[in-house]
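See below for the structure under consideration.
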Amino acid sequence: MDSASARRDASDLVRRAVRRLGAALALSALALPALAACPVVNRGQPLPWEASISEVPWPPWRQAADALTQTLRTTDVSRARVVFIGDSLTAGWHPQIFQMFFGNLSPLNLGVGGDATQGMLWRLQNGNWPAALRPELIVLMIGTNNLGFGSSPENVAIGVGQIIARLQGLAPNARILLLGIPPRGATAADPLRATVARTNALIAPCADNRRVFYADPGPLLLDGAGNLQDFVAFDQLHLSMVGYAIIGAIIQPAVRQLLQR
């Protein structure tokens, strides 16, 4: 069997297994009791950069953000029921997988490659959230780029909290499904694994299970030894078709349930 056939077979197995497991995992996550609030800065302390409204200092990010603004000006966003917002992990959804899981839910993808918490706050204020956009559900995943450039989990978590507050102001009737940052690095020994885990532990309490909900699909991206295989994330960060199939199968039941509430 050649490698391409092996990967296709692996993809089929992943889809069947995760579809069964994903429903139970995602739905059980929505049944948790209400948790504490998002992390905040101590009284009298300034917001960290990760929680400020600031451009990402990478020209392709600004170019992508500006291109998205232009696209949104000619798009009827009032019909969008579900908004996906994030960095390249959101922008890079495999089109067929995205259509398969969410295509009939009038989704809108507001992902921008290279985005970070402070950049998302900037985007929400500078054209990437049109006034007519009033979704029922927002699927938020952000923070991996902050961690990759050395931000602390604590500061990233504060930034995520600021984003949630801003989204609630922009779409007061929408629910938010906050996703944990996916694992990165080939093995469990990669230093970023610990920072991702710490950040996810800090942002999970943002869920009050009334307006904000939390799900972490990351563990099911790993094999039994904790490795992130290249057929799931081809560079141990960005997801392949298989990786998106796993996440789609896990979060789709939660998305549908939240839309029915």
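Here Asn128 clears all of (1) surrounded by fewer than 21 Cβ atoms within 10 Å (Cβ to Cβ); (2) touching a helix residue (DSSP H, G or I) at 6+ places or on another chain (Cβ under 6 Å); (3) within 18 Å of Arg81 (Cα to Cα) except the condition numbered (1). A search for C-beta distances below 7 Å between a residue of the range 53-75 that is touching a residue at least 12 places away in the same chain (Cβ under 8 Å) and open to solvent by 50 Å² or more (accessible area, probe 1.4 Å) and any residue that is part of a helix (DSSP H, G or I) and aromatic (Phe, Trp, Tyr), counting only pairs 6+ apart in sequence or on different chains, returns Ile53/Trp122; Glu55/Trp122.
Looking at Ala171, Ala157, Ala215, just one residue is closer than 23 Å to Trp93 by Cβ, modelled with pLDDT of 95 or more, hydrophobic (A, V, I, L, M, F, W, C) and in contact with a Pro (Cβ under 7 Å, 6 or more places away or on another chain), and that residue is Ala171.
Each residue in the range 113-132 was checked for being more than 15 Å from Leu167 (Cβ to Cβ) and under 14 Å from the mean Cα position of the chain (by Cα), and 3 pass. Among the residues of the range 212-231, those that are more than 19 Å from Ala197 (Cα to Cα) and not charged (D, E, K, R) comprise Val212, Phe231. Residues of the range 160-188 that are among the small types (Gly, Ala, Ser) and touching a Gly at 6+ places or on another chain (Cβ under 9 Å): Gly180, Ala188.
Taking Ile181 as the residue in question, decide whether it is in a loop (DSSP other than H, G, I, E, B) and within 30 Å of Arg81 (Cα to Cα).
Yes, satisfied.
In the set (1) open to solvent by 60 Å² or more (accessible area, probe 1.4 Å); (2) closer than 20 Å to His94 by Cα, the condition left unmet by Arg166 is number (2). Look at the range 114-135: where a residue is free of Cβ contacts under 8 Å to residues at least 40 places away in the same chain, no partner that is open to solvent by less than 10 Å² (accessible area, probe 1.4 Å) sits 6+ places away or on another chain with Cβ atoms under 8 Å.
Residues are listed down the side, and each one gets a yes or a no for (1) among the acidic types (Asp, Glu); (2) touching an Asp or Glu at 6+ places or on another chain (Cβ under 6 Å); (3) open to solvent by less than 10 Å² (accessible area, probe 1.4 Å):
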{"site": "Gly180", "(1), (2), (3)": "no, yes, yes"}
{"site": "Arg198", "(1), (2), (3)": "no, no, no"}
{"site": "Tyr214", "(1), (2), (3)": "no, no, no"}
{"site": "Gly224", "(1), (2), (3)": "no, no, no"}
{"site": "Val232", "(1), (2), (3)": "no, no, yes"}
{"site": "Asp235", "(1), (2), (3)": "yes, no, no"}
{"site": "Ile247", "(1), (2), (3)": "no, no, yes"}
{"site": "Val255", "(1), (2), (3)": "no, no, yes"}
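Listed by first and then second residue, the pairs linking a residue in the range 164-176 that is within 16 Å of Ser78 (Cβ to Cβ) to a residue that is among the aliphatic types (A, V, I, L, M) and open to solvent by 60 Å² or more (accessible area, probe 1.4 Å), with Cβ atoms under 9 Å apart and 6 or more places separating them unless they lie on different chains, are Leu170/Ala131. Scanning the range 222-261 for residues that are more than 14 Å from the chain's Cα centre (by Cα), modelled with pLDDT of 95 or more and not in a loop (DSSP other than H, G, I, E, B) turns up Ala233, Met241, Val242, Ala245, Ala249, Pro253, Arg256, Gln257, Leu258, Leu259. Residue under question is Arg210, and the condition is that it be surrounded by fewer than 20 Cβ atoms within 10 Å (Cβ to Cβ) and either out of contact with any Gly (no Cβ under 9 Å at 6 or more places or on another chain) or not β-branched (Val, Ile, Thr) (or both); does it hold? Taking the combined requirement at face value, the residue satisfies it.
The values are calculated or read from the model by the stated rules, or taken from the named source; none is laboratory data. All values derive from a computational prediction rather than experimental measurement. Glycine gets a Cβ as well: all are built from the backbone with ideal geometry, and neighbour counts include every protein chain shown. To get the accessible areas, we keep the full protein, side chains included, count just its heavy atoms, and leave off ligands, DNA and RNA. Shrake-Rupley method; radii C 1.70, N 1.55, O 1.52, S 1.80 Å.
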